[in-house]
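Below is one structure, written out as structure tokens; comments come after it.
All of the numbers you see were taken from the coordinates with simple rules; none came from a lab. Here the structure is a predicted model, which means the values were calculated and not measured. Note that we place each Cβ from the backbone using ideal geometry, even for glycine, and neighbour counts take in every protein chain shown.
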Amino acid sequence: MTVKNICCIGAGYVGGPTCSVIANQCHDIRVTVVDINPERIAQWNSDLLPIYEPGLDEIVFSRRNKNLFFSTDVETAIKEADLIFISVNTPTKTCGEGKGRAADMRYVEESARTIATTATSSKIVVEKSTVPVKAAESISKVLVANQKDGVSFEVLSNPEFLAEGTAVENLVNADRVLIGHNETPTGRAAFRELRDIYMRWIPKERIIGMKTWSSELSKLASNAFLAQRISSINSLTALCEVTGADVSEVAYAIGHDRRIGPNFLEASVGFGGSCFQKDILNLVYMCERLSLREVAAYWQQVVDMNEYQKERFTKKIIETMFHSVSDKSLAIYGFSFKKNTGDTRESPSICVCKRLLDEGANLNIYDPKVMDKQLISDLNRVTCNQEKVKRLVKICRDPYSAAKNSHAIVICTEWDEFKKLKYEDIFKSMKKPAYIFDGRKILDHDYLSRIGYEVYTIDTIRSNRSKNKTRESTEVSGKYLAKRNDEWYPAEVIQKRPVQDPNTFEYYVHYTNCDRRLDRWLPQEEVKFIPSSQDPEEPAPASTSTISAIIPDISNRKMTRTQKKRLDEINESLMDTETEPQEISALEEERKALTKVKYITEIRIGKYLIDTWYFSPYPDEYGKSAKLWICEYCLFYARYAVSLHLHERECEFNNPPGTEVYRSGAISIYEADGRVHKLYCQNLCLLAKLFLDHKTLFFDVEAFKFYVLCVVDMAGAHIVGFFSKEKDSPDCFNVACLLVLPPYQKHGYGRLLIAFSYELSKLEGIVAGPETPLSDLGLLAYRSYWSWVLLQEIYSSDDEVSITDLSFRTSINESDILDTLNWLNLVKYLKNNYCICVTRETLLNVFKKLKPPRFFINTAAIRWYPYDNAM
Ligand SMILES: NC(=O)c1ccc[n+]([C@@H]2O[C@H](COP(=O)([O-])OP(=O)(O)OC[C@H]3O[C@@H](n4cnc5c(N)ncnc54)[C@H](O)[C@@H]3O)[C@@H](O)[C@H]2O)c1
Ligand SMILES: O=c1ccn([C@@H]2O[C@H](COP(=O)(O)OP(=O)(O)O[C@H]3O[C@H](CO)[C@@H](O)[C@H](O)[C@H]3O)[C@@H](O)[C@H]2O)c(=O)[nH]1
């Protein structure tokens, strides 16, 4: 048989260009490209082709409707063909077995089925899609099982190696063409048929015949090797940044070793495209299925490094712009995954934009080839928030309008036109300081620095200030003013550290007389040294009032050290105070010195990115990390997103460990035992400390139980807050420490936890209360709970009710009851006795003023039994 008629199933980035080139090289062969997507076929038949590839338009326009056809009539094309390419998509599976890693073979299988049921004559079926090893065997099975009498099929593997943006050149001038075939006479004959087609323009020695499985694996391996080079060089950018080496010089040097070669060594924000990640994950999955764990882990690292690189770049943008891009405008240059294509699949730009949008940045995006519709749908998909995308994203028609009035330019794609822009003009139109983050290292950074830009590349930082200006000296001792909310406040500088280059520092400041939760790292320009002759209190009268609007001024209040220590153990409110106790012991001073600097400034837990309030003694390098990634279920912590992603794959929890002791609707409470679930409870204490100033329990958790409140959805039980409780409390304390995580504060969860603690006391048959003394705000939370419960009890009693009765019914201890009723002005001291003196009308009036709880404990849903100490 001589092939005269070719059908290609799939008119995508591979099917379209490949068949156009075949038609252009073989005018005597009729080539029909079919697709189930009529819109795509209509585009192939129009003046505006569905994909942009240099040189492709000319070929398509010259051969279309001569020997090149695009059609939706799949069945006719199959019937007429001698040889059929399967060029359909093989994306990563999104559900079921192998989800997130294995290739989804449903389109290939569907194509094979259609071929088998439609074909009325024998065909050569060529697997062009990238597939797992031994896919040809599965295709053969489907074909044989469904074939008609007298019809036979021979399956070949002919993977495609074109890269987008250079597809035509790669196809016309291919380095090699692989043809995998069966070692049978019919297999060899089919191989020769396909080879003869390629031989029309590819030299014979570049057409390589091999076993089918080798051909299939070679495709996956090629992509894995290419991606591995990029991840390898990208891994060095982080090292260059710290050491001052230049990654381009390193790449140049190693590329000159002929054994290594110069290609695919361009450091970048990360690789993208529809193939690399998908094919490596496919390889990893195959290895895992074959129990080759070490091999799987080796290749997985290539993908993980890529994730790390994208995250590192974005984080650097945020950190450099004073740790906040919220409400700032950033011009994003490039949205496609590489230059010369409009394809956005797995584009690193998508990740960068998503992360910046999460932080509330306004994005002005410009890409010369990406369609608006595509860009918006990509961002809608990753953010799952169309309203946010609509509000924060603007698509620009040129790079100049994108940069106008923006704070920064972020280069995500290496389009040549970005190298030729008038950066002096752009600089004038931007807000100052004007930043450029070059994620592709394509610009002249010295030139940009001379213009005045603050330039950050993937491996270095160049600050124009370090070159052009004399640095103001900022000493670590002495008096300072530090910025907050655009105003200057008296402050103490506690520590400084270099950022990006060894000459640029940021400063950890404590605002005088303010809560330490406000302590933070500031860039140099936001910290001013005050000569000793000048009183730092003087220039900031306005600022003091601003601060007191946020933090109540309680500087006159006196507290004992023990009071102070307990103060934050009950934490339900956003506010807290820092009043210096009269006498602070040496030990306390030492502890303070050790915990003065809050290194961890934010945590990512579940869907929340939370600013932390206080130092927490996370061990080793974790404690010094600016950000921690925390598993919301087991509270495992990591310094990098990739580490958490890896962990999440393995983590067996989707709720806290321990027993679910309460479940009502979406509210759930788990009991974790400090002895049995020691690591979890320790992690919980470390997490809590980030929001509590004086918490001291971290590691000796055995004597406590922890009640973790969660909100449950399809994904799992998400931690909201917790309280700890001594297993055996001689003082009848039913809460030792209570915390509601900041995103959930002010929603009534604190009161719910308090209510639950009393329900437990009722089951224990004791009257109890929280460890005392309480903080002002802890007291407020408790008072609001106590008032509500007590008034309800009094109001619903027909007869006289005594404080002892109330205590018995509510498990609230008598002194807390007395204190609350006193506070409500409902108690009188008559004849050596306290009496509740109130009419029903007064009671009703007081009741009306109280805020009702948002949640109630459904006692029928409690599954808890008192702890037996003997056990
Ligand atoms: N994009 C590249 O640069 C590239 C390079 C080499 C190899 N590959 C591999 O080639 C394959 C195709 O990739 P692509 O980028 O062209 O994908 P694509 O998504 O651009 O195109 C695939 C096309 O197949 C069509 N299709 C799916 N099922 C069909 C069916 N049953 N009948 C008819 N049409 C059907 C889809 O509608 C789509 O238009 C993948 O396996 C990919 O890994 C891609
Ligand atoms: O030194 C480099 C080279 C590439 N990239 C990035 O890597 C990604 C992939 O680039 P490239 O390989 O050029 O594009 P693809 O079109 O994805 O092509 C790859 O994937 C195809 C699909 O399997 C294969 O056919 C090709 O041979 C293989 O190069 C892009 O984001 C590039 O910007 C770098 O960051 N640094």
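Taking the inverse of the average 1/r across all pairs of different Cα atoms in segment 40-145, what Kirkwood radius in Å do you get?
Values: mean 1/r = 0.0636 Å⁻¹.
Value: 15.7 Å, from the Cα pair sum.
Do me a favour and compute the ellipsoid semi-axes for segment 226-306 from its Cα gyration tensor, root of five times each eigenvalue, largest one first, whole Å.
Working: eigenvalues 138, 35, 28 Å².
Ellipsoid semi-axes (Å, largest first): 26, 13, 12.
Any chance you could list P(r) for segment 139-227, counting all Cα-Cα pairs in 10 angstrom bins from zero, rounded to whole %?
Here the calculated profile for segment 139-227 is 16, 42, 31, 11, 1.
Pop a pseudo-label 7 angstrom from the Cα along the beta-carbon direction at both ARG113 and ARG497 and give the gap in nm to one decimal.
Distance between label points: 5.7 nm.
For ASN364, which sequence-distant residues (separation of 5 or more, or a different chain) have an amide H within less than 5 Å of its own amide H, given hydrogens modelled in the peptide plane?
LEU330, ALA331, ILE332, LYS394
Stokes-Einstein diffusion coefficient for segment 6-79 at 37 °C in a medium of 0.692 mPa s, Rh from the Kirkwood formula over Cα pairs: what value in µm²/s?
Values: Rh = 11.8 Å.
In µm²/s, the coefficient is 277.
Using only C-alpha positions, report the orientation-averaged shadow area of the convex hull of segment 815-854, nm², one decimal. Could you put the intermediate results ahead of the total?
Numbers: hull surface 13.6 nm².
Projected area, direction-averaged: 3.4 nm².
Under 21 Å Cα to Cα from LYS66, which lysines show up? Leave out anything in the same chain fewer than 8 places away.
LYS4, LYS79
Given the convex hull over the Cα atoms of segment 197-261, what projected area results after averaging over all orientations, in nm²? Walk me through the intermediate numbers first.
On the way: hull surface 25.7 nm².
Across all orientations, segment 197-261 yields a mean hull projection of 6.4 nm².
Over the alpha carbons of segment 271-412, what is the largest minus smallest coordinate on each principal axis, giving the biggest first in Å?
Result for segment 271-412: principal-axis Cα extents of 54, 32, 26 Å.
Convex hull over the alpha-carbon atoms of segment 664-821: what's its volume per residue in Å³?
With only Cα atoms used, segment 664-821 gives 128 Å³ per residue.
Relative to the longest principal Cα axis of the chain, at what angle does helix 15-25 sit, 0 to 90 degrees, rounded to 10?
Taking Cα atoms only, the helix is inclined about 20 degrees.
Can you list the trypsin sites (Lys or Arg not before Pro) in segment 169-207 that are in a DSSP coil and have 14 or fewer other beta carbons within 10 angstrom?
Working: sites: ARG176, ARG188, ARG192, ARG195, ARG200, LYS204, ARG206; in loops: ARG176, ARG200.
Here the sparse-neighbourhood loop sites are ARG176, ARG200.
What lysines could a cross-link reach from LYS134, if we take a straight Cα to Cα line under 22 Å and drop same-chain neighbours fewer than 8 places away?
Filter leaves LYS93, LYS99, LYS123, LYS211, LYS219, LYS278.
Per the Debye formula with a single identical scatterer at each Cα and no solvent contribution, what log10 I(q)/I(0) holds for segment 589-675 at q = 0.10, 0.22, 0.23, 0.25 Å⁻¹?
Debye intensities relative to I(0), on a log10 scale: -0.34, -1.09, -1.12, -1.18.
So how long is each side of segment 742-871 along the principal axes, counting just the alpha-carbon atoms, biggest first, in Å?
48, 38, 30
Which cross-chain or sequence-distant (5 or more) residues have an amide H under 5 Å from the amide H of TYR480, H modelled 1.01 Å from N in plane?
ALA491, ILE530
Using each residue's phi in segment 143-151, evaluate 6.51 cos²θ - 1.76 cosθ + 1.60 at θ = phi - 60° and report the 3J(HN,Hα) Karplus result to the nearest Hz, with x for Gly and Pro.
Computed from phi, the couplings for segment 143-151 are 5, 5, 5, 10, 6, 8, 4, x, 10 Hz.
Taking the Cα atoms of segment 92-164 alone, what are Rg (to one decimal) and Dmax (as a whole number) in Å?
13.5, 41
On a 0 to 90 degree scale, rounded to 10, what angle separates helix 276-289 from the longest Cα axis of the chain?
Taking Cα atoms only, the helix is inclined about 80 degrees.
Return the sequence-ordered ³J(HN,Hα) values of segment 312-322 in whole Hz as given by the Karplus equation 6.51 cos²θ - 1.76 cosθ + 1.60 applied to θ = phi - 60°, using x for Gly and Pro.
4, 4, 5, 4, 4, 4, 5, 4, 5, 8, 6
Which of ASP713, ASP673, ASP196 has the fewest other C-beta atoms within 10 Å, and how do the rest follow up to the most? Kindly include the intermediate steps, with their values, before the conclusion.
Details: ASP713 9, ASP673 19, ASP196 13.
Ordered by Cβ neighbours within 10 Å, fewest first: ASP713, ASP196, ASP673.
Sort THR72, THR820, THR810, THR243 so the one with the fewest other Cβ atoms within 10 Å of its own Cβ comes first. Don't skip to the answer; put the middle values down first.
Working: THR72 15, THR820 23, THR810 19, THR243 10.
Taking fewest neighbouring Cβ atoms as first place, the list is THR243, THR72, THR810, THR820.
Using only Cα atoms, find the angle between the long axis of helix 185-198 and the longest principal axis of the chain, and express it within 0 to 90 degrees, rounded to the nearest 10.
Once rounded, one gets 90 degrees.
Could you work out the percent of alpha carbon pairs in segment 334-395 separated by over 16 Å, rounded to a whole number? Write out the running numbers ahead of the final one.
Details: 636 of 1891 pairs.
Cα-Cα pairs of segment 334-395 separated by over 16 Å account for 34 percent.
Using alpha carbons only, what's the Rg to Rh ratio of the chain with Rh from Kirkwood? Please report the intermediate quantities before stating the final value.
On the way: Rg = 34.0 Å, Rh = 31.9 Å.
On the Cα set of the chain, Rg over Rh gives 1.07.
Could you work out the Kirkwood radius for segment 72-134, taking every pair of different alpha carbons, averaging 1/r and inverting it, reported in Å?
Working: mean 1/r = 0.0788 Å⁻¹.
In segment 72-134 this quantity evaluates to 12.7 Å.
Starting from the amide H of TYR435, placed 1.01 Å from N in the peptide plane, find each other amide H under 5 Å away whose residue is 5 or more places distant or on another chain.
ALA408, ILE409, GLU454
List PHE418, PHE706 from most exposed to least, where exposure is judged by having the fewest other Cβ atoms within 10 Å. Provide the component values of the computation, followed by the final result.
Working: PHE418 22, PHE706 25.
Neighbour counts put them in this order, fewest first: PHE418, PHE706.
Considering only DSSP beta bridges whose two residues both sit in the chain, what percent are antiparallel, to the nearest 5? Mind dumping the intermediate values first?
Values: 61 of 118 bridges.
Here the share of antiparallel DSSP bridges comes out near 50 percent.
Provide, for q = 0.31 Å⁻¹, the log10 of I(q)/I(0) from a solvent-free Debye sum over equal Cα point scatterers in segment 627-678.
The Debye formula, applied to the Cα set alone, gives -1.11.
Translational diffusion coefficient, Stokes-Einstein: compute it for segment 754-799 using the Kirkwood radius over C-alpha pairs as Rh, at 4 °C and 1.567 mPa s, and state it as an integer in µm² s⁻¹.
Working: Rh = 11.8 Å.
Here the translational diffusion coefficient equals 110 µm²/s.
What lysines does LYS849 reach when the alpha-carbon gap must be under 23 Å and sequence neighbours fewer than 8 apart in one chain are set aside?
Excluding near neighbours in sequence, the set is LYS746, LYS828.
Compare the peptides 606-617, 276-287, 30-41 by average per-residue count of other Cβ atoms within 10 angstrom and give them in order, highest first.
Details: 606-617: 17.5, 276-287: 23.1, 30-41: 19.5.
Sorting 606-617, 276-287, 30-41 by mean packing, highest first, produces 276-287, 30-41, 606-617.
Which whole-number value in Å³ per residue fits the convex hull of the alpha carbons of segment 302-363?
Details: hull volume 5.2 nm³, N = 62.
It comes to 84 Å³ per residue, whole-number rounded.
Looking at segment 657-714 from every direction and averaging, what is the projected area of its Cα convex hull in nm²? Kindly include the intermediate steps, with their values, before the conclusion.
Details: hull surface 17.7 nm².
Average of the hull's projected areas for segment 657-714 equals 4.4 nm².
Between THR120 and ASP372, with labels modelled 7 Å along Cα→Cβ, what's the label distance in nm to one decimal, could you check?
If labels sit at THR120 and ASP372, their model points lie 4.8 nm apart.
Quick one: Debye curve from the alpha-carbon atoms of segment 681-727 only, equal weights, vacuum; give me log10 I(q)/I(0) at q = 0.14 Å⁻¹ to two decimals.
So the normalised log intensities are -0.37.
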